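The structure is given below, and queries will be raised subsequently.
The values are calculated or read from the model by the stated rules, or taken from the named source; none is laboratory data. Keep in mind that this is a model prediction, so the values were computed, not measured. In this analysis, Cβ positions are derived from the backbone assuming ideal geometry, glycine residues included, and neighbour counts consider all displayed protein chains.
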Amino acid sequence: MSTQRCLVPPVADLFFQAWCAGTLGPDDRSHVRDVLLTDSMSEEERLAIDRLIHCVRRGWLVMHPPSRA
């Protein structure tokens, strides 16, 4: 029996961290994009992404642009 550890945090955790910080950074957006592009997305992940989008549209979360080096 092997146990695998998920290296990418679940979308629900991402939502919680973004809500507490009040911002979505470039890495957060990349994570959401990667989840959306996977073939199998759970209902919980879809709902969390919908909540993130709603919060950004309402102005409750701020999206920061990628930093330019």
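Only one of (1) modelled with pLDDT of 90 or more; (2) within 11 Å of the chain's Cα centre (by Cα) is not met by C55, so which one is it?
Single failed check for C55: (2).
Taking segment 14-48, which residues are surrounded by 15 or more Cβ atoms within 10 Å (Cβ to Cβ) and either without any contact (Cβ under 8 Å) to a residue 12 or more places away in the chain or in a helix (DSSP H, G or I) (or both)?
If the condition is that a residue be surrounded by 15 or more Cβ atoms within 10 Å (Cβ to Cβ) and either without any contact (Cβ under 8 Å) to a residue 12 or more places away in the chain or in a helix (DSSP H, G or I) (or both), then L14, F15, A18, W19, D28, R29, H31, V32, V35, E45, A48 are the ones that fit.
Here is a follow-up. Please go through segment 49-69 and pick out each residue that is of a type in the set (A, V, I, L, M), surrounded by fewer than 16 Cβ atoms within 10 Å (Cβ to Cβ) and part of a loop (DSSP other than H, G, I, E, B).
Scanning segment 49-69 gives a single hit, A69.
Which of the residues that make up segment 26-69 are within 14 Å of A12 (Cα to Cα) and β-branched (V, I, T)?
If the condition is that a residue be within 14 Å of A12 (Cα to Cα) and β-branched (V, I, T), then V32, V35, I49, I53 are the ones that fit.
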